1. Which pairs turn up if I take residues in the stretch B:100-114 that are not assigned by TED's automatic domain parsing to the domain that holds B:HIS286 and look for partners that are surrounded by 12 or more Cβ atoms within 10 Å (Cβ to Cβ) and acidic (Asp, Glu) with beta carbon separation below 6 Å, at least 6 apart in sequence or on another chain?
2. If you go through the stretch A:92-110, how many residues are away from chain B (no Cβ under 11 Å), open to solvent by 30 Å² or more (accessible area, probe 1.4 Å) and either under 21 Å from the mean Cα position of the chain (by Cα) or within 12 Å of A:PRO65 (Cβ to Cβ) (or both)?
3. Determine whether the stretch B:98-107 contains at least one residue that is closer than 25 Å to B:GLY348 by Cβ, out of contact with any Asp or Glu (no Cβ under 9 Å at 6 or more places or on another chain) and crowded, with 16+ Cβ neighbours inside 10 Å.
4. Only one residue in B:ALA219, B:ALA215 is out of contact with any strand residue (DSSP E or B) (no Cβ under 7 Å at 6 or more places or on another chain), surrounded by fewer than 19 Cβ atoms within 10 Å (Cβ to Cβ) and more than 14 Å from chain A (Cβ to nearest Cβ), so which one is that?
5. Please name all residue pairs, on different chains or six or more residues apart, with Cβ atoms under 8 Å, provided the first residue is in the stretch A:95-116 and is free of Cβ contacts under 8 Å to residues at least 24 places away in the same chain and the second residue is of a type in the set (Lys, Arg) and assigned to a helix (DSSP H, G or I).
6. Right, A:GLY124: in contact with a Gly (Cβ under 7 Å, 6 or more places away or on another chain) and either open to solvent by 10 Å² or more (accessible area, probe 1.4 Å) or among the acidic types (Asp, Glu) (or both) or not?
7. If I go through the stretch A:60-95 residue by residue, how many of them are out of contact with any Gly (no Cβ under 8 Å at 6 or more places or on another chain) and part of a strand (DSSP E or B)?
8. Which one is nearest to the other protein chains (Cβ to nearest Cβ), of the residues in the stretch B:265-292 that are farther than 25 Å from B:ALA131 by Cα, in a strand (DSSP E or B) and of a type outside the set (Asp, Glu)?
Amino acid sequence: MTALAAVRTSAAVNDGGLLKPSWAEVVKIQPEAEGIATYWLRFQDSNLSKAYRFLPGQFNMLYMPGYGEAAISISSDPEQRDVIGHTVRFVGNVTRAINRLKIGDVVGIRGPFGTHWPVENLEGKDLIIAVGGIGIPPLRPAIYHILRNRAKFGKITLLYGARTPSDLLFSSELDEWRKSDIDIQITVDRADSNWQGQVGVVPTLFYKFRLDPTRTAVLTCGPEIMIRFVVFEALARRVPTNQIYVSMERNMKCGQGSCGHCQIGPYFVCKDGPVFPFSAVEPYFNVEDF
Amino acid sequence: MAELPINVGSVVALPKPRLDDLLAKLREKGYQTIGPRVGDGTVQYQPIRGASEMPQGYTSEEEAGKYRLVSSGNSRYFDYTPGAQSWKQIFFPPRITLFDLCKNGGWKPVGSLEPSPRYALVGVRPCEIAAIKIQDLAFLRTDFVDPVYQERRKNAFILAVNCLRPGGTCFCASMGTGPQLSSGYDLGLTEMDDVFLVDVGSAAGKDILSGLPVAKPDAAIMGKAKQAVDAAKTKMGRQLDISDLPDVLLKNLDHPEWEAISKRCMSCASCTLVCPTCFCWDTQDHSSLNGTETERERVWDSCFNPGYSYQAGGNTRPNVRSRYRQWLTHKLGSWKQQYGVLGCVGCGRCITWCPVKIDITEEIPALRKETRS
């Protein structure tokens, strides 16, 4: 029970009626890459809009009436409160319906749900942020937090991988992040004729720099296979298991640890996660099909 | 004659023919009475209006993959072991509308949902009360309260009954949940030949009894009842050693027995549907053809359904081995880490209603073999 208690950091959430959403308007759609766009949403209820708060790494359930809900992590700055950004990959029934939304259309929101990247506990540390593909949006709120409090953190390294150069998200922001002394290492699975950078998977980027395991924390999100090897590389460099934070992905329906779908052993990923210290999920991490 | 003083904790005797009066009293107080009646060759929990609709004179035979109702040769009402249905269908309905929406300059709610009736559950067994208490932990948490469950649960009256004839797949004595009532009921019956002994479990129970022709039971009948309840403990058709649960499961996630079970299990989800504690649910939207109206429903789901663990990155549990393992390691393993209790009450339904006779009281010992410590 102690491990469980340790990761139950999220505030109590009750949406007032079972699965009843609040309604928000699409105020901006920012295409990010082929099949991926960021939807900027504003609650129709201005009081709710003022009261809504989230922490980096938390997610909302977005509801498209007639289609259902999808768990989408919040990709915007936690300090920006009037509109909330959700970076969506159009891959399933609900997200393809989101793809058909236009400015002014309405979408249901429940949330925020889940645990967050514990940035408040990581001040003074060197951070390695290792992300792949659609794994970068859940980390962007944490990056914004770090940028705003840059002096409080040590060395920050962003390891970022995408399938091809044109799949890289938020590329227009990366230079700004570099200016704030964030070391950014980018790799792609397949280069194109203009690509001058690294080719290969994210974990190989660990070989490009040295880390001090006594003062380093790793935050990682991406395909499960990438997370697996990021953790492997971090452990090989003696980063403690409770200083590696992983964002797990499971089928999530309710966001409140009630419907059962997202379980990993004792955890409900939607409530006890999605961000876990690796030490909490380690016993189940290498069990096939668990 | 002065009226018999009744208090919470008292035990009184109600003549058997007056069971009807008790049911009538419940309806008079505004409860919809749901109780056992014979249907589809088994005992179902359906609306009942009187004792004549109950399975009097029936008993049941259970084995793995088998449930038969047969004549008991006596006139008892509760000599059967419960069928496939459990009370979870009342508090956690298999299918319920959460809201309707209509597209009209944004999505607007259509009408309002009817409040749930107040239910009186008739003939609730000790293991079934234990199951309700387990579902309470899942649906009435400090950090999340399920409004559908709460409304139905808080208004319900529980007319329980001691189990005097456990069935062939029962193992509540192993799980510590029966066959004797301990708490969690408004009235608790013990069925004797001519009378029901009625244990008053709550103020609501005391209320219902007022005005009914109850008498003080004599010492002889009280002794006989105790003997019958004690004897029931020894009549369990199954038993299960739970001393090393949940560890024995959680430390054997790669045990070869999982593969062996998957050769027999059809992943039909029957065990999860009949299980009185399984709580997983899904949502469905039903929309009109032109897409301007939609109804949002909550329905039962099962970890045996392929879609249960489906996500954009693929299916987390792509085979029967992983689904069965999820069910059993949750039910008798991680459930304890989540809620402080195991998720099994020993009712035996998953054994009885398994079409291929998978028996968890055999699977746990099989998983115990060659355990690595």
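The values are calculated or read from the model by the stated rules, or taken from the named source; none is laboratory data. Since we're looking at a predicted model, the values are computed, not measured. Please note: Cβ atoms are built from the backbone with ideal geometry, for glycine as well, and neighbour counts cover all protein chains shown. Note: accessible area is taken over every heavy atom of the protein model, side chains too, but ligands, DNA and RNA are not part of it. Shrake-Rupley method; radii C 1.70, N 1.55, O 1.52, S 1.80 Å.
1. B:ASP100/B:GLU295; B:CYS102/B:GLU293; B:VAL110/B:ASP100
2. 2
3. Looking only at the stretch B:98-107, we keep the residues that are closer than 25 Å to B:GLY348 by Cβ, and these are none.
No, the stretch B:98-107 has no match at all.
4. On the way: B:ALA215 fails: out of contact with any strand residue (DSSP E or B) (no Cβ under 7 Å at 6 or more places or on another chain).
Exactly one residue qualifies, and that residue is B:ALA219.
5. Every condition considered, no pair remains.
6. Details: in contact with a Gly (Cβ under 7 Å, 6 or more places away or on another chain): yes; either open to solvent by 10 Å² or more (accessible area, probe 1.4 Å) or among the acidic types (Asp, Glu) (or both): yes.
Yes; evaluated as a whole, the condition is true for this residue.
7. 7
8. If we filter the stretch B:265-292 for residues that are farther than 25 Å from B:ALA131 by Cα, which is where we start, we get B:266, B:284-292.
Checking the rest, the ones that are also in a strand (DSSP E or B) come to B:284-287.
Subsequent filtering for residues that are of a type outside the set (Asp, Glu) retains B:284, B:286-287.
Values: B:GLN284: 8, B:HIS286: 9, B:SER287: 4 Å.
For the stretch B:265-292, the residue satisfying everything is B:SER287.
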